[in-house]
Amino acid sequence: MASKLLLQRRLFRFLRQSQESLYSCSSSSSIQRSSFHSTKQTEILGFSTSSRSFCSRKSSLVDESNAPAPIDYTSLLQEGEFHRLAESTIHSLQEKFEDYGDFIDLDGFDIDYANDVLTVKLGELGTYVLNKQTPNRQLWLSSPVSGPSRFDWDQVTKAWIYRRNKANLYKILEDELEQLSGKPIVLS
């Protein structure tokens with residue numbers, strides 16, 4: 001019986017420390033003795049935990065007007081369809097980037113496509129990386145201008161769209177490449 005109580009105390013201390021570290025900045029944790037518990041963990045311990053936030057002002061970090069568009073899981077692409085669309089997009093971009101490289105004549109310009117990853121090096125201007133993320137059914141872009149972005153296929157517009165700002169993959173690339181090199185490119 002003594003070892004069971006020791007184990008309960010240790011587990012209780014661990015849970016309290018974990019919870020305090022989670023809420024140390026903007027909220028307070030309290031632990032209360034309770035006679036009825038709904039989960040096995042609290043039944044074993046005989047304690048329940050609760051927390052209360054002391055922040056009364058609305059967070060300025062969340063802008064609801066620019067929130068990401070909700071994911072419509074009913075229209076999530078089947079894996080085969082995703083691969084077809086993603087590979088078609090990546091191969092089309094590869095061809096257009098190769099033509100663009102000949103047009104802009106930039107030192108250090110190089111294109112590499114291996115293991116479903118398209119890498120476009122613009123010398124001192126930076127590097128773009130575009131790859132497939134099959135589990136999410138997304139194309140991921142790493143840009144020297146805008147940073148990382150994740151694009152979902154939009155069935156309505158038939159385009160790869162970044163849900164946070166509703167931007168089109170081709171439009172982002174066109175704008176950024178023209179900004180970097182000073183010469184326009186048409187990808188769509």
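The values are calculated or read from the model by the stated rules, or taken from the named source; none is laboratory data. What you see is a predicted model, and the numbers here were worked out from it, not measured in a lab. Quick reminder, even Gly has a Cβ in these numbers, built from the backbone with ideal geometry, and neighbours come from all protein chains shown. We work out accessible area using only protein heavy atoms, side chains counted, and drop any ligands, DNA or RNA first. Shrake-Rupley method; radii C 1.70, N 1.55, O 1.52, S 1.80 Å.
State all residues of the stretch 113-128 that are of a type in the set (D, E, K, R) and either within 14 Å of Gln94 (Cα to Cα) or modelled with pLDDT of 95 or more (or both); if no residue qualifies, say none. Step through it out loud before you land on a result.
So in the stretch 113-128, the residues of a type in the set (D, E, K, R) come out as 116, 121, 124.
Across the stretch 113-128, the qualifying residues are Asp116, Lys121.
Would you confirm whether or not the stretch 140-148 contains a residue that is surrounded by 18 or more Cβ atoms within 10 Å (Cβ to Cβ) and part of a strand (DSSP E or B)? Spell out how you get there, then give the answer.
Initially, the stretch 140-148 is screened for residues surrounded by 18 or more Cβ atoms within 10 Å (Cβ to Cβ), giving 141, 143.
Adding the requirement that they be part of a strand (DSSP E or B) leaves 141, 143.
There is at least one residue in the stretch 140-148 that is surrounded by 18 or more Cβ atoms within 10 Å (Cβ to Cβ) and part of a strand (DSSP E or B).
Of the conditions (1) within 24 Å of Gly80 (Cα to Cα); (2) in contact with a Ser or Thr (Cβ under 6 Å, 6 or more places away or on another chain); (3) without any contact (Cβ under 8 Å) to a residue 60 or more places away in the chain, Lys121 clears all except one; give me its number.
(1)
For the stretch 120-139, enumerate the residues that are part of a strand (DSSP E or B) and either among the small types (Gly, Ala, Ser) or in contact with a His (Cβ under 9 Å, 6 or more places away or on another chain) (or both).
Residues of the stretch 120-139 that are part of a strand (DSSP E or B), as a first pass: 120-122, 127-133, 138-139.
Within the stretch 120-139, just Lys132 meets the criteria.
Quick one: in the stretch 129-139, which of the residues that are open to solvent by 40 Å² or more (accessible area, probe 1.4 Å) and polar (S, T, N, Q) is modelled with the highest pLDDT?
Here is the first cut: in the stretch 129-139, the ones open to solvent by 40 Å² or more (accessible area, probe 1.4 Å) are 129, 133, 135-137.
Of the ones still in play, those that are also polar (S, T, N, Q) are 133, 136.
Numbers: Gln133: 94, Asn136: 91.
For the stretch 129-139, the residue satisfying everything is Gln133.
Here's the yes/no breakdown for (1) modelled with pLDDT under 85; (2) open to solvent by 70 Å² or more (accessible area, probe 1.4 Å); (3) within 27 Å of the chain's Cα centre (by Cα):
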residue: Ser48; (1), (2), (3): yes, no, no
residue: Ser51; (1), (2), (3): yes, no, no
residue: Phe54; (1), (2), (3): yes, yes, no
residue: Ser60; (1), (2), (3): yes, yes, yes
residue: Asp63; (1), (2), (3): yes, yes, yes
residue: Ser75; (1), (2), (3): yes, no, yes
residue: Leu93; (1), (2), (3): no, no, yes
residue: Asp102; (1), (2), (3): no, yes, no
residue: Ile111; (1), (2), (3): no, no, yes
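Every residue in the stretch 149-178 that is in a loop (DSSP other than H, G, I, E, B) and either open to solvent by less than 60 Å² (accessible area, probe 1.4 Å) or without any contact (Cβ under 8 Å) to a residue 24 or more places away in the chain (or both), please. Walk me through it before giving the result.
Taking the stretch 149-178 as the starting set, the residues that turn out to be in a loop (DSSP other than H, G, I, E, B) are 155-158, 163-166.
The answer is Val156, Thr157, Lys158.
If you take the residues in the stretch 77-86 that are in contact (Cβ under 8 Å) with a residue 12 or more places away in the chain and part of a helix (DSSP H, G or I), which one is surrounded by the fewest Cβ atoms within 10 Å (Cβ to Cβ)? Outline the logic, then answer.
Let us first name the residues in the stretch 77-86 that are in contact (Cβ under 8 Å) with a residue 12 or more places away in the chain, namely 77, 79, 82-83, 85-86.
Then keep just the ones that are part of a helix (DSSP H, G or I); that gives 79, 82-83, 85-86.
On the way: Glu79: 11, Phe82: 19, His83: 15, Leu85: 17, Ala86: 23.
That would be Glu79.
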